[in-house]
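Notes follow once the structure below has been shown.
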Amino acid sequence: MSYVKTVPALKRARADIHFKRLVLNRALRCTVTSSSTAQTEHDGVRSRGGSECPGLSGRGGRRREGTAAAAANEISVDFEQTREAYKSKDSLELLRSLVVFKLCSYDFLVDKNKEVMDLAKKILGQKTFDQFMKMTFYGQFVAGEDHNDIKPLIQKNHSFGVGSVLDYSVEEDISQEEAERKEMDSCVSAAEKENIGKDHRERKYQAHKQFSDRRGGVTGARTYFYADEAKCDQHMETFIKCIKASGGSSMDGFSAIKMTALGRPQFLLQFSEVLVKWRRFFTFLASQQGKDGLEALEQRLELTQLQEFMTKLGANGDFYGWFTGRKEDSTGCIDMLDWNSLIDDRTKISDLLVVPNVELGKLEPLLGKFTVEEDQQMKRMLQRVDVLAKHALESGVRLMVDAEQTYFQPAISRLTLEMQRTYNGEKPVIFNTYQCYLKEAYDNVTMDVELSRREGWHFAAKMVRGAYMYQERERAKEIGYEDPINPDYESTNRMYHRMNELGLIPTENKVYFGQLLGMCDQISFPLGQAGFPVYKYVPYGPVNEVMPYLSRRAQENRGFMKGAQKERELLWKELKRRLASGELLYKPVY
């Protein structure tokens, strides 16, 4: 996680209703900038941290030389010192970690974890089962049942240099059939149902029954399915409680939300398609001017050439005025950010869902029509997001918007950016999430950093590998569109920036490392004690209601523990050290 305070080239006036104004027209020159963040494990699905941060510095991974790199190289963290790594844990906690990780490595127990837990519940009874879970899996990965239960753990971690990102982890335990039904009902508009195949929709941004259960192949992320508007309001209230709990538990907390919990996913699908088509059209026009092959922010369209090209195609209309708004204010060129400003404030949210028609030289709606209810559902999603952002600001909590599947993500990122414009003026409050396994990750980050520079607000980001790799690849192959995932591990590494190369020091608090509660403590706590800002994702919720979350943790740990024995070796090493030194009854002091 990271943020950058950018110097404004032109200060942007605050908008009271910021979601009605999706982009300001700008015609400024751009520079490529980016930020640094944490490493992810190759076999994991979330950011786990590490002794160094693999990635890209500047363009193409070139190393920055000189005094900055030399100063950064003085930073040293020893991850082999188990006494320091585990001094926040008593010996029973270390033993619990060993037992849980070992159990997670057995395929039979992981594959049948739901059946095993149901059987244990019948044998032990609910009360004894809950206590058993708190001594094992629940105690390892979940902080407590409510915001009062979690305070001791949050305070203990904080005293050892590790902060908290609160995550209320109660999930619906629904069947595959119900998940498929909900997804298909909520991702198809009334117009599409009436005119099947008549709208010019791309298959990637349409719902497909074989992939409608979005939990398939995903162990590292929670999934929400739309039921109705009342359920979305419930999710919003849950997020508000989480934000307040984070504000009441620490002075520098984070809270995480998901957009798909806050509204009908149909809007995210459609708006994503619009954004991608706009960007693709710009790239096509740039290629016609010999600008293909350049990085996104280096591509510029000369408006005079653009007007001539569009006229040759037989298009009517004043494209010079179309893109700049007013001819006298034009610099004669536009870049991708200027191009995006065509999606401006409109009288109805559904009016945002327009795409360029090359032949006619005008904007056309993506779909034939929207019902009044569909338009209201879109507005209510944006209103819920706005409510959460305001609560985060008032509570002194930083709000992270989680990334989701690529057919939702363009819309999610754009809506998050709008929150950043409004709430990140004085300090970083809203954090967007960038999935570094995506081919377009670098372009997305650099464009958003440049937009923040032009408009004068804090760019803030969480960088993760991504949780949907296998699902994304299978869906792309089956439905027939380009695989959005990088071809190999090294390509994903190049999407990251290394802290040492940027010359960042821990006290600057511009880069944050994050891991899941109960995992990779040998990384989190040494970093925290060395002065780096480190956070744990801290799930909480009643035992019986976090079972789906615990099931996913078991599945995720199976791959992680089979591929990486280091954590278990260090746990054993520390237990043996305590036994030999007479410290087996050690209790953390804080």
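The values are calculated or read from the model by the stated rules, or taken from the named source; none is laboratory data. Worth saying up front: this structure is predicted, and the values here are computed from it rather than measured. Backbone-built Cβ (ideal geometry, glycine too); neighbour counts: all protein chains shown. Protein only, heavy atoms only, side chains kept; ligands, DNA and RNA dropped before computing areas. Shrake-Rupley method; radii C 1.70, N 1.55, O 1.52, S 1.80 Å.
Can you tell me which residue within segment 132-157, out of those that are without any contact (Cβ under 8 Å) to a residue 40 or more places away in the chain and surrounded by fewer than 14 Cβ atoms within 10 Å (Cβ to Cβ), is nearest to TYR537 (Cα to Cα)?
Out of the qualifying residues, it is PRO152.
Among the helices (runs of 4 or more DSSP H) lying completely within segment 61-142, list those that include at least 1 residues that are within 28 Å of PRO548 (Cβ to Cβ), at pLDDT 85 or above and basic (Lys, Arg).
Of the helices (runs of 4 or more DSSP H) lying wholly inside segment 61-142, those with at least 1 residues that are within 28 Å of PRO548 (Cβ to Cβ), at pLDDT 85 or above and basic (Lys, Arg) span 91-103, 113-124, 126-135.
Yes or no, residue by residue, for (1) farther than 30 Å from TRP339 by Cβ; (2) touching a residue at least 60 places away in the same chain (Cβ under 8 Å); (3) open to solvent by 10 Å² or more (accessible area, probe 1.4 Å):
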| residue | (1), (2), (3) |
| --- | --- |
| ILE243 | yes, yes, no |
| SER249 | yes, yes, yes |
| LEU285 | no, no, no |
| ARG300 | no, no, yes |
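Name every residue in segment 280-307 that is assigned to a helix (DSSP H, G or I), in contact with a helix residue (DSSP H, G or I) (Cβ under 7 Å, 6 or more places away or on another chain) and within 20 Å of LYS439 (Cβ to Cβ), in order of residue number.
PHE282, ALA296, LEU297
Considering only segment 443-511, give the helices (runs of 4 or more DSSP H) lying wholly within it that have at least 3 residues that are at pLDDT 90 or above and open to solvent by less than 40 Å² (accessible area, probe 1.4 Å).
469-479
If I filter segment 433-440 for residues that are among the hydroxyl-bearing types (Ser, Thr, Tyr) and part of a strand (DSSP E or B), do I get at least one hit?
yes
Can you tell me which residues in segment 117-131 are of a type in the set (A, V, I, L, M, F, W, C) and surrounded by fewer than 15 Cβ atoms within 10 Å (Cβ to Cβ)?
Once the filter is applied, which keeps residues that are of a type in the set (A, V, I, L, M, F, W, C) and surrounded by fewer than 15 Cβ atoms within 10 Å (Cβ to Cβ), segment 117-131 yields LEU119, ALA120, ILE123, LEU124.
Of all residues in segment 165-183 being open to solvent by 60 Å² or more (accessible area, probe 1.4 Å) and not in a helix (DSSP H, G or I), which is nearest to PHE141 (Cα to Cα)?
TYR168
Just name the residue that is nearest to PRO152 (Cα to Cα) out of those in segment 220-248 that are small (Gly, Ala, Ser), outside any loop (DSSP other than H, G, I, E, B) and out of contact with any strand residue (DSSP E or B) (no Cβ under 7 Å at 6 or more places or on another chain). Step through it out loud before you land on a result.
To start, the set of residues in segment 220-248 that are small (Gly, Ala, Ser) comprises 220-221, 227, 230, 245-248.
Imposing the further condition that a residue be outside any loop (DSSP other than H, G, I, E, B) reduces the set to 230, 245-248.
Now narrow it down to the ones that are out of contact with any strand residue (DSSP E or B) (no Cβ under 7 Å at 6 or more places or on another chain): 230, 247-248.
Details: ALA230: 34, GLY247: 15, GLY248: 12 Å.
My answer is GLY248.
If you check every pair at least six apart or on different chains, which have Cβ atoms under 8 Å apart with a residue in segment 512-523 that is in a loop (DSSP other than H, G, I, E, B) first and a residue that is among the charged types (D, E, K, R) and buried (at least 24 other Cβ atoms within 10 Å of the Cβ) second?
LEU517/LYS536; GLY518/ARG553; MET519/ARG48; CYS520/ARG48
Which numbered condition trips up GLN210, out of (1) in a helix (DSSP H, G or I); (2) surrounded by 15 or more Cβ atoms within 10 Å (Cβ to Cβ); (3) at pLDDT 75 or above?
In the conditions (1) in a helix (DSSP H, G or I); (2) surrounded by 15 or more Cβ atoms within 10 Å (Cβ to Cβ); (3) at pLDDT 75 or above, GLN210 misses (2) alone.
Search segment 168-190 for residues that are touching a residue at least 60 places away in the same chain (Cβ under 8 Å) and pair each with any residue that is assigned to a strand (DSSP E or B) when their beta-carbon atoms are under 8 Å apart and the residues are at least 6 apart or on different chains.
Pairs that qualify, where the first residue is touching a residue at least 60 places away in the same chain (Cβ under 8 Å) and the partner is assigned to a strand (DSSP E or B), are TYR168/PRO539; TYR168/TYR540; SER169/PRO539; SER169/TYR540.
Is segment 419-436 home to any residue that is within 22 Å of ARG498 (Cα to Cα) and over 12 Å from the mean Cα position of the chain (by Cα)?
Taking every residue of segment 419-436 in turn, at least one turns out to be within 22 Å of ARG498 (Cα to Cα) and over 12 Å from the mean Cα position of the chain (by Cα).
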